[in-house]
Amino acid sequence: MRDALRQHLRAILDTYDAVPADFEVELERPAQPEHGDWATNTAMRLASVLKNNPRAIAEELAEALRARVDPNRVSAVEVAGPGFINIRLADTYLTDQLASALKAGSSFGRTTTGAGTTAIVEYVSANPTGPLTVGHGRNAVLGDTVATLLEWTGCDVTREYYYNDAGRQMRVLAQSVRARYEALVADVEMKTLTHEDGSTVEVPVSFPDDGYQGAYIIDIAQALADEHGAALLTTDSLRPFQDKAEAVIFAEIEGTLARLGIEMDDYFNERRLYDDNRVNETVERLTEAGYTYEKDDALWFKTTEFGKDKDTVLIKQTGEPTYRTPDIAYHADKFERGFDAIIDVLGADHVATYPDVISALDVLGYDTDRVEVLLYQFVTLVRGGEPVKMSTRRANYVTLDDLINEVTADVTRFFFLMRSASTHLDFDLDLATEASDKNPVFYLQYAHARICSIYDKAAEVGLDATGDVDLTLLTHDDETALIKELLRFPEVIDRAAAQRAPHHVATYLREVATAFSQFYGSCHIIGEDASLGAARLKLADATRTVLRNGLTVLGIDAPASM
RNA sequence: GCGCCCGUAGCUCAGUUGGAUAGAGCAGCGGACUUCUAAUCCGCAGGCCGCAGGUUCGAAUCCUGCCGGGCGUGCCA
């Protein structure tokens, strides 16, 4: 409809010589219902070009538009305010649209705006050094939902998890496991580490200073001891320790993600890039392009040429690449795979580093406009009105699993999705745990369950909406308002997908549930005249479809009863 | 110091890419269950959109400068 109106207006404007050919017609949904279903500011924007006052232009355009539109679809074209043209949709158009929404069912809301395009969404990407934290949770849920949104627009999406298994972090992890293992199978000397706050922890003397202190490390060591006894004491290699740790931790990470309904298409590990010599190739290409130099036995990338304060190191003195270097090679790989959009979901702590990767990709000749970084701000858990203190170093943090245990997967997903990624998120545990009207997730689920319940009751009393139903009987204000709300759904999906902003869906679903609750309060379904009851039952059905589809996009269950 | 994000009702946050009288939830106050789920609904109250300029028909939205908070500014990831 929006496009149809736009085309009509464009055609009308073509009859004016003074209007530039590239003038883009804007159509928006007015905030006030009295202002109609669609509005355009065209007359106001053309006032200076046409050298006429906006009201007069609007009258002219409105008249021309009235002559062109189908009266079965548009009931009124009015001029209002300083020169807005307000357009009202005909009731028959709305009920036709409602009928097609019902017909579309579980695919209502899917669009074709992304058809024929491809995208890769990289998210989570936590190195397997420990359980996922609450921060990873926001990343995971955000990335997953953006991927789903893109799919709903017809885009072919790959969900990918990238991790570093060749760097320092994994080495320290392996050393931590080894030290714990040694303590389990042999008599080793212990030492005491003291934290800033005065608390202490006992670790073996061979334990690295910046080692991983979590209890899960001891579990992994125990598993190795059970399998191998003391046999690993003689090996010099960290390999068996790293491999075991990686396997155990990854299994746990995948399990946590599965609880949130997240399944990746691919786990891409850094080692692959070394095995193919791709990291070296990347460095060579950057060097050939003249963007590197050696200093202090390290190889530097000239990021100052891209507006940074400092150059950055690609290869350390030790000969080991920094994490950035394989990351560049990895992104080059994504380009080679030919995606139209390359989306990275990153926490705010990466703001300063990802531009280096982009700069390098520019040097390598890739079209970096395709790379998008979806940056999200940090999460603060709030309990009893106070922030929950966490320290990653001491493994003294709430894991994502803990959170899911406490508030359920549905609530976890919804709370991460209901705010825009760019705002710092306060996750109120008291509110999230509460199974009451205060909890926004339950409000949506309740509306859905209520409709399911009405359906059961309708079946009991023999109210039937399976045959021909006259939807034009739906003329009550609350019915019309609900229909209009439901028909917005595909646009909401498009906008949320285009902006990579799942919170629009969450906000919208609340509005749907509110519109339904109002309708429910003022319009009875059962006990009414059979044909009106059937029409209202259909409207309830369409509402259920939108709620279920919307919740599905967000990865949240739509229960039949509560 | 520099870079990025944020500042909107008492609290947590939306705000359709610059539109008409700035919205919602929670908290507060007052109403509504012999009728399809009251985990609900209706009403009231609540605002210098951080501050000051600028751009234009029109600014919460764009530009500049301040103020306040967060995250960075590693040969850690």
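The values are calculated or read from the model by the stated rules, or taken from the named source; none is laboratory data. Computed from a predicted structure; not experimentally measured. Note that each Cβ is placed from the backbone with ideal geometry, even for glycine, and that neighbours are counted across all protein chains shown. Remember, those area values only see protein heavy atoms, side chains included, never the ligands or the DNA or RNA. Shrake-Rupley method; radii C 1.70, N 1.55, O 1.52, S 1.80 Å.
Per residue, how much accessible surface does the stretch A:399-497 expose to a 1.4 Å probe? Answer in Å², no decimals. Walk me through the numbers on the way to the answer.
Values: 4380 Å² over 99 residues.
Heavy-atom SASA per residue in the stretch A:399-497 reads 44 Å².
With R₀ fixed at 35 Å, the C-beta to C-beta distance from A:K316 to A:S107 puts the FRET efficiency at about 0.10.
By the equivalent-ellipsoid construction on the alpha carbon gyration tensor, chain A comes out with semi-axes of 54, 33, 19 Å, ordered largest to smallest. Heavy-atom accessible area, probed at 1.4 angstrom with all protein chains present, ranks A:M1, A:M170 as A:M1, A:M170, highest first.
Give me the percent of the accessible area of the stretch A:458-534 that comes from carbon and sulfur atoms, probe 1.4 Å, all protein chains in place. Present the calculation step by step, with values, prior to reporting the outcome.
Values: 1720 of 3570 Å².
In the stretch A:458-534, the share of accessible area belonging to carbon and sulfur is 48 percent.
A:F108 sits with roughly 30 Å² accessible to a 1.4 Å probe, with DNA, RNA and ligands left out of the calculation.
Per residue, the stretch A:1-93 exposes 54 Å² of solvent-accessible protein surface, assessed with a 1.4 angstrom probe and all protein chains in place.
Averaging Cα coordinates gives a centre for the stretch A:3-60 and one for the stretch A:494-527; these two points are 30 Å apart. Label 7 Å along Cα→Cβ of A:D156; the stretch A:265-290 residues with amide nitrogen under 17 Å? Under cut-off, by backbone N: A:265-266.
Extension gain, A:A230-A:E60: 0.36 nm per intervening residue step, less the Cα-Cα distance, totals 52.2 nm. Along the stretch A:353-359 the Karplus relation, 6.51 cos²θ - 1.76 cosθ + 1.60 evaluated at θ = phi - 60°, assigns HN-Hα couplings of 9, 5, x, 5, 5, 4, 4 Hz to successive residues, with x for each Gly and Pro.
By a 1.4 Å probe calculation restricted to protein chains, A:C155 has an accessible surface near 10 Å², given to the nearest 10. The accessible area of A:R419, taken with all protein chains in place and a 1.4 Å probe, comes to roughly 120 Å².
Just the number, please: carbon plus sulfur as a percent of the accessible area of the stretch A:193-262, 1.4 Å probe, no ligands or DNA/RNA counted.
So the carbon and sulfur contribution to the accessible surface is 52 percent.
Backbone geometry of the stretch A:94-106 corresponds, through the Karplus equation with coefficients 6.51, -1.76 and 1.60 at θ = phi - 60°, to 3J(HN,Hα) couplings of 4, 5, 4, 5, 4, 4, 6, 5, 4, 5, 5, x, 5 Hz, x marking Gly and Pro.
Estimated from the Cβ-Cβ distance and a Förster radius of 35 angstrom, the FRET efficiency linking A:R271 and A:L431 is about 0.25.
Kindly report the accessible area of the stretch A:230-356 per residue (heavy atoms of protein chains, probe 1.4 Å, no ligands, DNA or RNA), in Å².
50
If R₀ is 45 angstrom, what is the calculated FRET efficiency for the pair A:A352 and A:S237, using the beta carbon separation as r and rounding to 0.05? Don't jump to the answer; show the numbers that get you there.
On the way: r = 35 Å, r/R0 = 0.79.
It comes to 0.80.
Stretched out straight at 0.36 nm per residue, the stretch from A:K438 to A:R337 would grow longer than its current Cα-Cα span by 31.7 nm. Amide H to amide H, with H built 1.01 Å from N, A:T158 comes under 5 Å of A:A119, A:I120, A:V121, counting only residues 5 or more places away or on other chains. With the simple model of a label 7 Å out from the Cα in the direction of the Cβ, A:D209 to A:D367 spans 4.9 nm.
Put simply, the amide H of A:L381, placed in the peptide plane, has neighbours under 5 Å in A:V388, A:F427, leaving out anything fewer than 5 places away on its chain. For a paramagnetic label modelled on A:D91 (point 7 Å from Cα along Cα→Cβ), amide N atoms under 18 Å away belong, within the stretch A:52-76, to A:71-76. Computed on the stretch A:146-218, the Cα convex hull volume stands at 146 Å³ per residue.
As a fraction of the 1.4 Å probe accessible area of the stretch A:1-100, surface on carbon and sulfur atoms comes out at 48 percent.
Using θ = phi - 60° in the Karplus curve 6.51 cos²θ - 1.76 cosθ + 1.60, the 3J(HN,Hα) couplings for the stretch A:315-322 round to 10, 6, 3, 5, x, 8, x, 6 Hz; x is entered for Gly and Pro.
Taking amide H as placed 1.01 Å from N in the peptide plane, the amide H of A:V371 sits under 5 Å from that of A:I342, each at least 5 places away or on another chain. Look at the dipole of the stretch A:310-362 built from charges on Cβ: of A:L346, A:H331, A:G319, the Cα furthest out on the positive end belongs to A:G319. In a DSSP loop and with at most 15 other Cβ atoms within 10 Å, there are no chymotrypsin sites (Phe, Trp or Tyr not before Pro) in the stretch A:242-277.
Counted by Cβ distance under 14 Å from A:V283, the other residues give a net charge of -3, where Lys and Arg count +1 and Asp and Glu count -1.
Neighbours of A:T480, meaning other residues whose beta-carbon lies under 12 angstrom from its beta-carbon, give a summed charge of -4 when Lys and Arg score +1 and Asp and Glu score -1.
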